[in-house]
Every structure is written in structure tokens, then in C-alpha cells.
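Below: one structure, written as C-alpha cells.
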Amino acid sequence: MTRVVLVHGIAQQLKGPETITEAWLPSLNDGLAISGSDTLSRQDVAVAFYGDLFRRPGHRGLGEPPLDASDVEPGLEHELLLAWWQAAADAEAPVPGPDAPARLRTPRVVQRALNALSHSAFFAGLAESAMIGSARQVRRYFTEPEVRRAAGERLTRAVTGETTVIIAHSLGSVVAYETLCAHPQWQDLTLITLGSPLAVRGLVFDRLRPAPTGGTARWPVPVKRWINIADRGDAVALIKELAPSFGTRVQDLMVNNGAHAHDVRPYLTARETGLVLAEALG
């Protein structure tokens with residue numbers, strides 16, 4: 001009985017629905033337990049997994065050459081990396097900002113962005129190729145119709161008549177929003193978005209389907225309640241509050257995730273998340 005559907009975000013292409021569940025469910029139950037609520041069983045949750053859509057196919061070589069700054073495509077990939085850089089610099093003292101003097105060895109603005117992001121909590125330990133790959137997944141979702149359609153279909157298949165809550169992290173919140181808008185026949189769902197980039201104008205918001213009108217996005221008909229949860233230091237959720245863009249019915253909450261502001265696990269273990277999930281489950 002699928003009561004809760006989980007929708008993951010970027011950089012999950014080497015995992016699968018079982019490994020996502022294994023990682024998310026204990027944190028989800030910690031949040032419920034901390035809030036004083038009953039926990040969920042494995043049968044209560046399902047993962048709308050779409051990460052494999054971004055997994056590069058194998059080939060006969062020893063491995064694909066890693067991506068570097070020269071591989072960053074102009075437009076969305078470039079602008080997204082710069083936006084992450086600015087947000088990380090604003091939130092974290094160790095991250096040099098775009099106004100910091102450039103080193104002679106890194107004159108290119110993209111290379112400077114990648115170097116700076118390597119000092120951020122979210123991107124620390126990631127190779128340049130992985131950072132570029134994260135931006136590329138966002139670009140591919142919005143520019144490759146088959147990827148966008150397939151991601152939505154994965155969520156559509158996961159939702160059942162017993163589903164009452166959809167929890168979506170990062171890019172998964174975009175998948176969830178668009179899929180919910182496309183299925184007005186669904187009813188009485190609670191949407192919980194974590195670290196969502198939905199309100200980022202120019203990069204995400206203006207690319208949504210259905211397209212926003214007059215600066216405001218359409219309310220997803222099946223959603224009776226929408227709670228958006230963000231950490232102030234989350235460099236991916238560049239705009240922390242969704243209510244100004246999606247309507248005052250959105251309830252925006254702030255949490256403190258510590259050093260790993262965009263990581264889904266501290267989002268799930270937060271008491272605030274546990275309380276709204278428990279209320280949604282009745």
C-alpha cells in the first residue's frame with residue numbers, strides 16, 4: 001500500500017529505487033519519531049526513480065573522458081553553475097565569490113565557478129565532472145522532451161489510489177509539480193518539497209509546464225496542501241520561498257540542515273518535516 005511516494009533529485013543516476021528507499025526511509029522515520037509520530041514501513045513508500053535516464057551507456061573503452069570547463073554548454077548549464085556559485089558564496093565563508101580576484105591559472109569564469117564550488121559543503125568532494133553533470137541533468141530535463149516525459153511517467157506509475165503524500169527533493173520537485181499539473185483527476189494529495197529550485201526565475205520557473213502567466217504559476221489541482229521546506233544555506237534552492245510564485249496556499253518553512261544544506265537526509269530528519277508528514281498521513 002503506497003501511502004508516500006518519494007521523488008529524488010539530481011546526481012542519482014548510479015542508484016536505483018531500492019537504494020533510494022534504503023537511504024531515505026530511515027531518515028524519514030527519524031523525522032517522524034522526533035516529531036512524536038508513528039513511523040512508516042517499507043510497504044508504505046515507493047520511489048519514483050528516474051535517475052537511470054541520465055546514466056551514460058557503457059562502451060568498449062576504459063571509461064568516458066571526464067567533463068571539464070570546456071564541456072559546459074552555453075545557456076542553462078553555464079548560468080546554473082554561476083547561480084550555484086553566487087548562492088554558495090553568499091551562504092558559506094570558505095567559498096570565494098564571483099567578485100573575488102581570479103587566479104592566473106583559472107581565468108575562465110566557468111573554471112572559477114567550479115573551483116569555488118569545490119569549497120562548498122554541497123559540492124565538496126565532487127569532481128568537476130560531477131558538478132557539470134549535475135547542471136547537465138537539469139538542462140537535459142528541460143531541453144530533451146523524451147527525458148522530461150519519461151521522468152513524469154515514472155512518477156505517474158508510482159502513485160496509487162492509496163497515495164496521500166508526495167515528497168520531492170531538488171529537481172524531483174520540478175518532476176512532481178509538472179506531473180501533478182498533468183493529472184487533475186488525482187485528488188487530495190499533500191505535496192512536500194525539499195530544497196526546491198521551482199521559483200528560480202530564468203533558469204527553472206519560466207521553463208515550467210504549464211507555463212506561468214503574469215508571474216504566477218498554476219496551482220496543481222490534485223494538491224490540497226503544499227509545504228515547501230528549505231535551508232537558508234541551500235545553494236540549489238536559490239529561492240527559498242515558493243508562495244510568492246505559486247500562491248499563498250504554499251506553506252514555506254525554514255530548517256537548519258547544518259553543513260550539508262542540500263542533502264535530503266537532514267531535510268527528512270527535521271522535526272518540521274516529520275510534523276507536516278504526520279499531519280498529512282492523519
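The values are calculated or read from the model by the stated rules, or taken from the named source; none is laboratory data. All values reported here derive from a predicted model rather than from experimental measurement. All Cβ positions, even for glycine, are placed from backbone atoms using ideal geometry, and neighbour counts span all protein chains on display.
One residue alone among Val204, Val264, Val255, Val221 is of a type in the set (Val, Ile, Thr), closer than 21 Å to Val147 by Cα and not assigned by TED's automatic domain parsing to the domain that holds Ala83, and that residue is Val204. Checked against (1) on the phi > 0 side of the Ramachandran plot; (2) of a type outside the set (Lys, Arg); (3) without any contact (Cβ under 8 Å) to a residue 24 or more places away in the chain, Thr248 passes all but condition (1). For segment 193-251, name all the residues that are of a type in the set (D, E, K, R), surrounded by fewer than 21 Cβ atoms within 10 Å (Cβ to Cβ) and in contact with a strand residue (DSSP E or B) (Cβ under 7 Å, 6 or more places away or on another chain). Answer for segment 193-251, where residues must be of a type in the set (D, E, K, R), surrounded by fewer than 21 Cβ atoms within 10 Å (Cβ to Cβ) and in contact with a strand residue (DSSP E or B) (Cβ under 7 Å, 6 or more places away or on another chain): Lys224, Arg225, Arg232, Lys240, Glu241, Arg249. Of the listed requirements (1) touching a Phe, Trp or Tyr at 6+ places or on another chain (Cβ under 6 Å); (2) surrounded by fewer than 14 Cβ atoms within 10 Å (Cβ to Cβ), Gln43 misses just one: (1). In the set Arg148, Arg154, only one residue is touching a Phe, Trp or Tyr at 6+ places or on another chain (Cβ under 7 Å), among the charged types (D, E, K, R), within 25 Å of Leu25 (Cβ to Cβ) and modelled with pLDDT of 95 or more; that residue is Arg154.
In this structure, Pro17 does not satisfy being assigned by TED's automatic domain parsing to the domain that holds Asp188, free of Cβ contacts under 8 Å to residues at least 40 places away in the same chain, over 19 Å from Arg157 (Cα atoms) and within 21 Å of the chain's Cα centre (by Cα). Taking residues in segment 124-138 that are closer than 14 Å to Ile10 by Cβ, and partners anywhere that are hydroxyl-bearing (Ser, Thr, Tyr) and part of a loop (DSSP other than H, G, I, E, B), the pairs with Cβ atoms closer than 8 Å and at least 6 places apart or on different chains are Leu126/Ser118; Met131/Ser118. Restricting Ser35, Ser41 to those that are farther than 20 Å from Val236 by Cβ, in the same structural domain as Ser170 (by TED's automatic domain parsing), at pLDDT below 95 and not acidic (Asp, Glu) reduces the list to Ser35. Looking across segment 181-196, the residues that are farther than 19 Å from Thr160 by Cβ and polar (S, T, N, Q) come down to Thr193, Ser196. Go through segment 1-55 and give me each residue that's acidic (Asp, Glu) and part of a helix (DSSP H, G or I). Scanning segment 1-55 gives Glu18, Glu22, Asp30, Asp44, Asp52.
When segment 234-257 is filtered for residues that are touching a Gly at 6+ places or on another chain (Cβ under 9 Å) and either aliphatic (A, V, I, L, M) or under 24 Å from Ala23 (Cβ atoms) (or both), the ones remaining, listed by number, are Asp234, Val236, Ala237, Asn256, Asn257. Check segment 218-233 and report whether any residue there is under 26 Å from Phe54 (Cβ atoms) and over 15 Å from the mean Cα position of the chain (by Cα). Scanning segment 218-233 turns up at least one residue that is under 26 Å from Phe54 (Cβ atoms) and over 15 Å from the mean Cα position of the chain (by Cα).
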